[in-house]
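What follows is one structure encoded as structure tokens, with my remarks underneath.
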Ligand SMILES: [Zn+2]
Ligand SMILES: [Zn+2]
């Protein structure tokens, strides 16, 4: 029962009792709001994840999710996170609605998710299905005898290791960082930044992903769930939702606090927390825990990436790689 249920005297405004009770009601209401605001950051990650995965699983079970439905669920997840960003923002200065680059972020998201990624995944899954029929029928290395959750964790670890290596390469090599700079050149972290990715990044990623999928030989259906995890987790990791966790959880999952460190304008911080899972950063010595790190601001000093959408797309072709890297304070670290 809510604390808002109060003395019935409040029903008669103007009486002496009402004048005494009204401030009490207001105080209780403020306390209740304060309690919710204190509790919600501890629950926000779980509410968003359980809702997103629960709804997806229910739609799959009911056969109500056609192929394109996966992309619809990805957008439902974005809207849900955007609502939480307004309700409990991590940084009150950051907002999807006050960021002039939000339209560009949506443009990159549409290009990436509606044009590039479906094409990439369609081709990838067709190749993997073909390969699994012809080359993996008897000698697949995939441990299909394990329980499904164990298979999923194994898949997650393998592909996250590939992602970790690729992300380090994006920061290590100038011509690759010119593609990745678009993702980093922002001071305003929010859910749309998860998809502020140059299409060139995805094409190169595809070239790595397909051979890995063929070699691993896992069921294509499981790859789709892996894709959903990456979408939901990636959106939350870039979001401006206030999310609180116990210290150990930052070692298990790439939380927003962990990933925002990687978006720092300081080279020494930018060269950390590359993985989608922290385990590879811990093993390879590039992990920084948010409780031990002070993040002042995100972005690339000098904001070298153009503000216009088409300029951003052309940027890797025209950028001066070395000048860009110097501005990003990455060299010599
Ligand atoms: Zn990066
Ligand atoms: Zn990022």
Between residue 204 and residue 314, what is 0.36 nm times their sequence separation minus the Cα-Cα distance? Round to one decimal in nm. 38.0 nm
What length, rounded to one decimal in nm, is gained on full extension from residue 43 through to residue 91, with 0.36 nm per residue of separation minus their alpha-carbon distance? 15.5 nm
Please check which bits of segment 165-200 a label hung off residue 103 would reach, taking the label as a point 7 Å along Cα-to-C-beta and the cut-off as backbone N under 18 Å. 192-193, 196
For segment 66-327, what are the per-bin percents of Cα-Cα distances with bins 10 Å wide, up to the bin holding the maximum? 7, 29, 37, 22, 6, 0
Going from the fewest other Cβ atoms within 10 Å to the most, one would list 116, 314, 218 as 314, 116, 218
Can you tell me, using C-alpha contacts under 8 Å and at least 6 residues apart, the relative contact order of segment 66-327 as a whole percent? 27
Please compute the length gained on full extension between residue 55 and residue 76, using 0.36 nm multiplied by the number of residues separating them and subtracting their Cα-Cα distance. 6.6 nm
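Read-outs: derived from the displayed coordinates by stated rules, not from any lab. The model shown is predicted, which means the values in this text are computed figures rather than measured ones. Every residue, glycine among them, receives a Cβ derived from its backbone with ideal geometry; neighbour counts consider all protein chains shown.
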